[in-house]
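Engineer: My questions will all concern the structure given below.
The values are calculated or read from the model by the stated rules, or taken from the named source; none is laboratory data. What you see is a predicted model, and the numbers here were worked out from it, not measured in a lab. Neighbour counts are summed over all protein chains in view; Cβ atoms, including those assigned to glycine, are modelled from backbone coordinates with ideal geometry.
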Amino acid sequence: MMQTVFSKPGRFWRGNLHTHSTRSDGKWSPDDVIALYRDNGYDFMAITDHFKARYGWPITDTLPYRTENFITLIGAELHTDGMEFDNGWHIVGVGLPFDFAHTPADQTGPQLAQRALDAGAFVIAAHPQWYAMTEGDFLSLGNIHAVEIFNAGVGHDSDTAESTYMLDLMLARGKHVFACATDDAHFNVNARDRLMGWVKVKSETLSPEAMLTALKAGDFYSSTGPDILDIEVIPGKTLYVRCSPASHIYALGRPIEFTSVTGNCITEAEFSLADWRSPFVRVLVRDEHQCKAWSNPIWFE
């Protein structure tokens, strides 16, 4: 049996990796943002304000909000020009140092992403569907960690919340990239951009160092509602999934490799991998409210 995140020691901690405050274009102060997530059962979060000259190059200091039971990660949403369709890059870096240098005018997106990686950050390609990120754009970023498979903020403003297409393209290319769900909350009036998408990170301890290590290892899954409780894999034989009540449980591989179990309040499924041709499998759980949970890809190679 392969080891998965579910067989590793520790517990799952709930967190938000992308949101904004009044330090950039968010409508709520850092105090209010932190209080919302802390009071709604989150264990950790990152305020990732826009790292731009117009906002004074903010890397928002949330160290004073750390307690024994709630921690913050230091991050920012990084920008520069030069995407294929003349859009400006949006690259989320979680785990940045406070002295991360301002972005030079001539720095490319790939150079900026590499600089964030070199600084020790967990690096995410933000909301690909929202601004038509191309396959070439993503590939140019090198060995970043994750694609934002769900972003509540852009789902509200332009109905582009999901970017499964980019995850599937990268996996089909053989890139070992993770998928994360976020809020990207700006706290505009009546916006459904908060407490909507999160990661559940497996670790023995709740600390910034442990969270970053687990994120970089892919020891997490993402959700907008359902819980994935267990995944067991015997390569070439079976995949077993246990989850909170759902209407669909999918096993997904390289396009067009897939199978599913459907029903009313199903909580487990077993799939045969005997004829599975894909070099990886990932799990998708969908409940009766159309909320979803996504595992990271499990590679057999």
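Engineer: Taking Gly15, is it surrounded by fewer than 21 Cβ atoms within 10 Å (Cβ to Cβ), assigned by TED's automatic domain parsing to the domain that holds Thr182 and either more than 30 Å from Ser272 (Cβ to Cβ) or basic (Lys, Arg) (or both)? Break it down into steps so the answer makes sense when it comes.
Structural biologist: Numbers: surrounded by fewer than 21 Cβ atoms within 10 Å (Cβ to Cβ): no; assigned by TED's automatic domain parsing to the domain that holds Thr182: yes; either more than 30 Å from Ser272 (Cβ to Cβ) or basic (Lys, Arg) (or both): yes.
Taking the combined requirement at face value, the residue does not satisfy it.
Engineer: Sort out for me the strands (runs of 3 or more DSSP E) sitting completely within the stretch 164-243 that have 1 or more residues that are under 30 Å from Ser272 (Cα atoms) and in contact with a Pro (Cβ under 8 Å, 6 or more places away or on another chain). I'd like the intermediate steps shown before the answer.
Structural biologist: Values: elements: 178-182, 198-203, 220-223, 228-234.
Passing ranges, in order: 178-182.
Engineer: While we're here: Step by step: first the residues of the stretch 210-246, then only those that are small (Gly, Ala, Ser) and in contact (Cβ under 8 Å) with a residue 12 or more places away in the chain, then the one that is surrounded by the fewest Cβ atoms within 10 Å (Cβ to Cβ). Which residue is that? Don't jump to the end; show me each part of the working.
Structural biologist: To start, the set of residues in the stretch 210-246 that are small (Gly, Ala, Ser) comprises 210, 214, 217-218, 222-223, 225, 236, 244, 246.
Subset that is in contact (Cβ under 8 Å) with a residue 12 or more places away in the chain: 214, 218, 222-223, 225, 236, 244, 246.
Working: Ala214: 23, Gly218: 22, Ser222: 25, Ser223: 23, Gly225: 18, Gly236: 11, Ser244: 15, Ala246: 29.
Here the residue is Gly236.
Engineer: Which is without any contact (Cβ under 8 Å) to a residue 60 or more places away in the chain and surrounded by 15 or more Cβ atoms within 10 Å (Cβ to Cβ), of Ile249, Ile256? Spell out the reasoning first.
Structural biologist: Numbers: Ile256 fails: surrounded by 15 or more Cβ atoms within 10 Å (Cβ to Cβ).
After applying the criteria, what remains is Ile249.
Engineer: I would also like to ask the following. Select from the stretch 260-280 the residues that are surrounded by fewer than 17 Cβ atoms within 10 Å (Cβ to Cβ) and either closer than 17 Å to Ser223 by Cα or in contact with a strand residue (DSSP E or B) (Cβ under 9 Å, 6 or more places away or on another chain) (or both) and list them in ascending order.
Structural biologist: Step one: filter the stretch 260-280 for residues surrounded by fewer than 17 Cβ atoms within 10 Å (Cβ to Cβ), giving 260-265, 267-268, 270, 272, 274-275, 277, 279.
Residues satisfying the conditions are Ser260, Val261, Thr262, Gly263, Asn264, Cys265, Thr267, Glu268, Glu270, Ser272, Ala274, Pro279.
Engineer: On the given criteria, is His127 in contact with an Asp or Glu (Cβ under 9 Å, 6 or more places away or on another chain), at positive phi and either modelled with pLDDT of 95 or more or in the same structural domain as Ala217 (by TED's automatic domain parsing) (or both)?
Structural biologist: Working: in contact with an Asp or Glu (Cβ under 9 Å, 6 or more places away or on another chain): yes; at positive phi: yes; either modelled with pLDDT of 95 or more or in the same structural domain as Ala217 (by TED's automatic domain parsing) (or both): yes.
In short, yes.
Engineer: Could you please find all residues in the stretch 8-43 being among the small types (Gly, Ala, Ser) and part of a strand (DSSP E or B)? Outline the logic, then answer.
Structural biologist: Just the residues of the stretch 8-43 that are among the small types (Gly, Ala, Ser), to begin with: 10, 15, 21, 24, 26, 29, 35, 41.
Residue satisfying the conditions is Gly15 alone.
Engineer: Right, next: Conditions first: (1) out of contact with any His (no Cβ under 8 Å at 6 or more places or on another chain); (2) in the same structural domain as Gly10 (by TED's automatic domain parsing); (3) crowded, with 22+ Cβ neighbours inside 10 Å; (4) within 30 Å of Phe70 (Cα to Cα). Asp183 passes all but one, so which condition is the exception?
Structural biologist: Of (1) out of contact with any His (no Cβ under 8 Å at 6 or more places or on another chain); (2) in the same structural domain as Gly10 (by TED's automatic domain parsing); (3) crowded, with 22+ Cβ neighbours inside 10 Å; (4) within 30 Å of Phe70 (Cα to Cα), only one is false for Asp183: (1).
Engineer: From the set of residues in the stretch 110-151 that are under 27 Å from Cys291 (Cα atoms) and among the charged types (D, E, K, R), which is surrounded by the most Cβ atoms within 10 Å (Cβ to Cβ)?
Structural biologist: So the residue we want is Glu148.
Engineer: Further, regarding this structure: Being more than 21 Å from the chain's Cα centre (by Cα) and touching a residue at least 12 places away in the same chain (Cβ under 8 Å) is the requirement here; does Lys27 meet it? Before the answer, list the steps.
Structural biologist: Values: more than 21 Å from the chain's Cα centre (by Cα): yes; touching a residue at least 12 places away in the same chain (Cβ under 8 Å): yes.
Yes: the conditions hold for Lys27.
Engineer: Being of a type in the set (Ser, Thr, Tyr), within 11 Å of Ile124 (Cβ to Cβ) and in the same structural domain as Ala126 (by TED's automatic domain parsing): is that true of Thr164 here?
Structural biologist: Numbers: of a type in the set (Ser, Thr, Tyr): yes; within 11 Å of Ile124 (Cβ to Cβ): no; in the same structural domain as Ala126 (by TED's automatic domain parsing): yes.
For Thr164, the condition - of a type in the set (Ser, Thr, Tyr), within 11 Å of Ile124 (Cβ to Cβ) and in the same structural domain as Ala126 (by TED's automatic domain parsing) - is not met.
Engineer: Give just the number: which of (1) over 30 Å from Phe300 (Cα atoms); (2) at pLDDT 95 or above does Asn87 not satisfy?
Structural biologist: Unmet condition: (2).
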